[in-house]
Amino acid sequence: MTKNKFNVGETAWCLCVRDIEQVTIQSVHKAADGVWTYVVKNSHFLGGRDDDELFRTKEEAERAQH
């Protein structure tokens, strides 16, 4: 069983619609297939993101984007 990468209240770097943005984790969910998903929020975005779209550092997110 994998552990979730982030907990509620933590900040993360997110591969959002057009850019890499810093977000706050609002809630954490585990799907039946074992995939972690998160509801994330910042000043102009609120939505769901998968585990592989969230990163600890901006550099990690930039590497994943390319």
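Residue by residue through the stretch 44-59, note down the ones that are within 22 Å of LYS30 (Cβ to Cβ) and charged (D, E, K, R).
If the condition is that a residue be within 22 Å of LYS30 (Cβ to Cβ) and charged (D, E, K, R), then ARG49, ASP50, ASP51, ASP52, GLU53, ARG56 are the ones that fit.
Within the stretch 24-42, can you find the residues that are farther than 15 Å from GLY9 by Cα and more than 10 Å from the chain's Cα centre (by Cα)?
Going through the stretch 24-42, the residues farther than 15 Å from GLY9 by Cα turn out to be 30-36.
Passing the criteria: LYS30, ALA31, ALA32, ASP33, GLY34, VAL35.
For the stretch 50-66, which positions are in a strand (DSSP E or B) and loosely packed, with under 15 Cβ neighbours inside 10 Å? Spell out how you get there, then give the answer.
Looking only at the stretch 50-66, we keep the residues that are in a strand (DSSP E or B), and these are 50, 54-55.
Listed by number, the list holds a single entry, ASP50.
Criterion first (modelled with pLDDT of 95 or more and among the aliphatic types (A, V, I, L, M)) does VAL35 satisfy it? Show your work before the answer.
On the way: modelled with pLDDT of 95 or more: no; among the aliphatic types (A, V, I, L, M): yes.
When the stated conditions are applied, VAL35 does not pass them.
Could you please find all residues in the stretch 3-21 being open to solvent by less than 30 Å² (accessible area, probe 1.4 Å) and either at pLDDT 95 or above or not aliphatic (A, V, I, L, M) (or both)? Give the derivation first.
Just the residues of the stretch 3-21 that are open to solvent by less than 30 Å² (accessible area, probe 1.4 Å), to begin with: 4, 6, 12, 14, 16, 20.
ASN4, PHE6, ALA12, CYS14, CYS16 - these are the residues of the stretch 3-21 that are open to solvent by less than 30 Å² (accessible area, probe 1.4 Å) and either at pLDDT 95 or above or not aliphatic (A, V, I, L, M) (or both).
Looking at the stretch 22-37 only, could you name the residues that are open to solvent by less than 70 Å² (accessible area, probe 1.4 Å) and either more than 13 Å from ASN4 (Cα to Cα) or basic (Lys, Arg) (or both)? Step through it out loud before you land on a result.
Taking the stretch 22-37 and keeping what is open to solvent by less than 70 Å² (accessible area, probe 1.4 Å), we get 23-25, 27-28, 31, 34-37.
Hits for the stretch 22-37 are VAL23, THR24.
Need pairs with beta-carbon distance below 7 Å; first residue more than 14 Å from ASN4 (Cβ to Cβ) and within the stretch 38-65, second assigned to a strand (DSSP E or B) and of a type in the set (Asp, Glu); sequence gap 6+ or separate chains.
Qualifying pairs under 7 Å: ASN42/GLU21; PHE45/GLU21.
The values are calculated or read from the model by the stated rules, or taken from the named source; none is laboratory data. Please read these numbers as outputs of a predicted model, since none were measured by experiment. All Cβ positions, even for glycine, are placed from backbone atoms using ideal geometry, and neighbour counts span all protein chains on display. Only protein heavy atoms, including side chains, enter the accessible area calculation; ligands, DNA and RNA are left aside. Shrake-Rupley method; radii C 1.70, N 1.55, O 1.52, S 1.80 Å.
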